[in-house]
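Peer 1: Once you've had a glance at the structure underneath, I'll fire off some questions.
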Amino acid sequence: MLTKSEFAARILNGHTPSIKEKATAFAPANIALVKYWGKRDSKLNLPVTDSLSIDLGNLGTETTIEHSPDGQDTVILNGNKLAQDDPFAVKVINFVDLFRSALNQTAINRPALTITTTNNIPTGAGVASSASGFAALTKALDQFFGLALAGRELSLLANLGSGSASRSIFKGFVFRHAGTESDGMDSYSEPLPCTWPELKIGLITVSAKAKRVSSRDGMERTVATSPLYKTWPDKVKEDMAKMLAAIKSKDFELLGATAESNALAMHECMRAATPPLNYFEPETEAIISKVQKLRQEGLSIYLTIDAGPNVKLLYLNKDEEKVKTEFPDMRVVNR
Ligand code: PMV
């Protein structure tokens, strides 16, 4: 089994860097319609199952990398210069070091860098910024070092930051392969050749607080203790087949029903862990009931929920006004 450094070196070693003055890249946030929950290798963030997501358009992260004038690595997050020992800054610098170390082997000096990263995801929108953050950082590093890596390589590297970041390298519908190789080189993402402009996403924020249990810890607890986790990989397989068929034939009912069922099954799996992992707030439950009631009344609306209390609605453009009336606090994602 490889370490993160060995994994990055394997991808980067064959490439000759040509360092730029400055590079800027954007990556969109994404939501999974078929979720990733559980790692087959926790060091390399390799997932147990495939997953499938859709990007959140212009909501995401922009990251700039440039030389530091004072010779010190600096991380600026949303306009604030972070302390050297700030946990976010440490994570970013460790990630940058994967590139610097691997590329040093092909003899470049180790430049001190300033990394400026800005999330335009509205504060409290209930959308994780780690996916777009690590994807934007990977793309910016690729440009800064003049590597011109392929999308597949970028997705493999972004995954070292966070599993869902692998999918944020691309726009549109993105398929993440779990892969089976122990070195993880077949665990990459790729975009699906399909667009669906009528499909809309709405974000409802129930709570803007940071989640109580991180995805990493939550996944570990679920895999180790939830009796329902045994059936999760089969559930993903079934849902993935349905999701791919739904996207191909633009069957919104099948897409929505599959995404909702997959998300609720993931949360059931978590709640069966010891101690139970419950990311929902009472308001989350109320929204789930409301969506299901509206559906019984004939409105074509579905939901998905990640590792937190916030709800993402799925509907078609033709129903947008009705959905907005029912959920006035919803933020529409422009894709
Ligand atoms: O990439 P992570 O470690 O933040 O985990 C993502 C987990 C979910 O958002 C719940 C599911 C997914 O596939 O994005």
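Peer 1: Hey, any hits in the stretch 261-284 for a residue that's within 20 Å of the chain's Cα centre (by Cα), surrounded by 14 or more Cβ atoms within 10 Å (Cβ to Cβ) and of a type in the set (Ser, Thr, Tyr)?
Peer 2: Within the stretch 261-284, one or more residues are within 20 Å of the chain's Cα centre (by Cα), surrounded by 14 or more Cβ atoms within 10 Å (Cβ to Cβ) and of a type in the set (Ser, Thr, Tyr).
Peer 1: So His67 fits all but one of (1) touching a residue at least 40 places away in the same chain (Cβ under 8 Å); (2) more than 25 Å from Ala259 (Cα to Cα); (3) crowded, with 16+ Cβ neighbours inside 10 Å; what number is the exception?
Peer 2: With (1) touching a residue at least 40 places away in the same chain (Cβ under 8 Å); (2) more than 25 Å from Ala259 (Cα to Cα); (3) crowded, with 16+ Cβ neighbours inside 10 Å applied to His67, the lone miss is (3).
Peer 1: Within the stretch 221-238, does at least one residue satisfy the condition of being part of a loop (DSSP other than H, G, I, E, B), of a type in the set (A, V, I, L, M, F, W, C) and within 21 Å of the chain's Cα centre (by Cα)?
Peer 2: no
Peer 1: Specify which of the listed residues (Lys91, Lys22) is within 16 Å of the ligand (Cβ to nearest atom), assigned by TED's automatic domain parsing to the domain that holds Ser166 and surrounded by fewer than 19 Cβ atoms within 10 Å (Cβ to Cβ).
Peer 2: None of the other options fit; the residue is Lys91.
Peer 1: Right, next: Kindly check whether there is at least one residue in the stretch 273-280 that is in a helix (DSSP H, G or I) and within 16 Å of the ligand (Cβ to nearest atom).
Peer 2: no
Peer 1: Still on this structure: Hey, any hits in the stretch 49-61 for a residue that's part of a loop (DSSP other than H, G, I, E, B) and not assigned by TED's automatic domain parsing to the domain that holds Leu314? Don't jump to the end; show me each part of the working.
Peer 2: Of the stretch 49-61, the ones part of a loop (DSSP other than H, G, I, E, B) are 49-50.
Within this subset, residues satisfying the condition of being not assigned by TED's automatic domain parsing to the domain that holds Leu314 are 49-50.
The answer is yes, given that some residue of the stretch 49-61 is part of a loop (DSSP other than H, G, I, E, B) and not assigned by TED's automatic domain parsing to the domain that holds Leu314.
Peer 1: Quick one: which of Lys171, Lys200, Lys139 is more than 14 Å from the ligand (Cβ to nearest atom) and over 18 Å from Glu62 (Cβ atoms)? First the steps, then the outcome.
Peer 2: Values: Lys171 fails: over 18 Å from Glu62 (Cβ atoms); Lys139 fails: over 18 Å from Glu62 (Cβ atoms).
Exactly one residue qualifies, and that residue is Lys200.
Peer 1: Looking at Leu160 and the list (1) of a type outside the set (Gly, Ala, Ser); (2) surrounded by 24 or more Cβ atoms within 10 Å (Cβ to Cβ); (3) within 13 Å of the ligand (Cβ to nearest atom), which single condition is not satisfied?
Peer 2: (2)
Peer 1: Only one of (1) in a loop (DSSP other than H, G, I, E, B); (2) within 16 Å of the ligand (Cβ to nearest atom); (3) closer than 19 Å to Ser18 by Cα; (4) among the hydrophobic types (A, V, I, L, M, F, W, C) is not met by Ala148, so which one is it?
Peer 2: (2)
Peer 1: Now a separate question. Test Ala178 against the stated conditions and say whether it is among the hydrophobic types (A, V, I, L, M, F, W, C), out of contact with any helix residue (DSSP H, G or I) (no Cβ under 7 Å at 6 or more places or on another chain), in the same structural domain as Asp239 (by TED's automatic domain parsing) and assigned to a loop (DSSP other than H, G, I, E, B).
Peer 2: So Ala178 fails the test.
Peer 1: Looking at (1) in contact with a helix residue (DSSP H, G or I) (Cβ under 9 Å, 6 or more places away or on another chain); (2) surrounded by 16 or more Cβ atoms within 10 Å (Cβ to Cβ), which is the one condition that is false for Ala125?
Peer 2: (1)
Peer 1: Ok, one more. From the list Leu12, Leu33, Leu44, pick out the single residue that is assigned by TED's automatic domain parsing to the domain that holds Asn104, within 13 Å of the ligand (Cβ to nearest atom) and out of contact with any strand residue (DSSP E or B) (no Cβ under 6 Å at 6 or more places or on another chain).
Peer 2: Of Leu12, Leu33, Leu44, the one residue that is assigned by TED's automatic domain parsing to the domain that holds Asn104, within 13 Å of the ligand (Cβ to nearest atom) and out of contact with any strand residue (DSSP E or B) (no Cβ under 6 Å at 6 or more places or on another chain) is Leu44.
Peer 1: Against the definition (among the β-branched types (Val, Ile, Thr) and buried (at least 23 other Cβ atoms within 10 Å of the Cβ)), how does Ile115 come out, yes or no?
Peer 2: It is true that Ile115 is among the β-branched types (Val, Ile, Thr) and buried (at least 23 other Cβ atoms within 10 Å of the Cβ).
The values are calculated or read from the model by the stated rules, or taken from the named source; none is laboratory data. Keep in mind the model is a prediction, meaning the values are calculated, not measured. Counting neighbours? That spans all protein chains shown, and the Cβs are built from the backbone with ideal geometry, glycine included.
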